[in-house]
2 protein chains.
Amino acid sequence: MTKKELQILIGKNIRRIRLEKKISAQELASRCNFEKSAMSRLEAGNTNPTVYTLYKISQALDIKIEEIMQKGDL
Amino acid sequence: MTKKELQILIGKNIRRIRLEKKISAQELASRCNFEKSAMSRLEAGNTNPTVYTLYKISQALDIKIEEIMQKGDL
DNA sequence: AAAATAGTTAACATATATGTTAACCAATGA
DNA sequence: TCATTGGTTAACATATATGTTAACTATTTT
């Protein structure tokens, strides 16, 4: 699993969960206190996020941080 | 949970698992292709690691990345 | 048609993670 | 005693994540 593949997996997980909860990327970004552009960057897999960024997102989505990481069976 | 608390939790998890597997910090660092000083920094909770760094460590420890994150019930 | 909402992308500054070296300290073994 | 092993800490350069603004597209609403 390359770094890029990992980033893409995480981005897809975030988007999937966000859509399941029917939250706009704008709203999620706002809950995390960053701009929608940063959220877009993350969901597109263009960044290798820090664990604290993932933590903030998981809090905003009301899920465990592990859920953002799983599915691809890391 | 502050950023620092999260970092410390992750550092402790890594150290605990590493010791359970009886691997030296030096050896673990080497498996991840970084220096022992960087490993020490991580285990001490002095850094907010990227997900790829955690991924490399989880591979070196032969565990799932989730294991590094859990226990503190994030 | 105009305004609002949702998202993407590029560019930029700034903060910080990473990678490294070197100087240390302890404990242990030759 | 000296060398080795395991770990810590500081300092530094470099890469990159974060935070932001702005321009842009598309869709929907008034």
task: Return the only residue of A:K64, A:K56 being away from DNA strand C (no atom under 14 Å from the Cβ), out of contact with any strand residue (DSSP E or B) (no Cβ under 7 Å at 6 or more places or on another chain) and without any contact (Cβ under 8 Å) to a residue 40 or more places away in the chain.
output: A:K64
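Considering B:I17, B:I10, B:I23, which residue is touching a Leu at 6+ places or on another chain (Cβ under 6 Å), within 16 Å of B:K56 (Cα to Cα) and modelled with pLDDT of 95 or more?
Numbers: B:I10 fails: touching a Leu at 6+ places or on another chain (Cβ under 6 Å); B:I23 fails: touching a Leu at 6+ places or on another chain (Cβ under 6 Å).
Of the residues listed, the single one that is touching a Leu at 6+ places or on another chain (Cβ under 6 Å), within 16 Å of B:K56 (Cα to Cα) and modelled with pLDDT of 95 or more is B:I17.
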message: Suppose we keep only residues that are near DNA strand C (Cβ under 9 Å from one of its atoms) and of a type in the set (A, V, I, L, M, F, W, C) within the stretch A:23-41. Which one would you say is surrounded by the most Cβ atoms within 10 Å (Cβ to Cβ)?
response: A:M39
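The values are calculated or read from the model by the stated rules, or taken from the named source; none is laboratory data. No experiment lies behind these values; they were computed from the predicted model shown. A quick note on method: Cβ atoms are made from the backbone with ideal geometry, for glycine too, and the neighbour counts reach across all protein chains shown.
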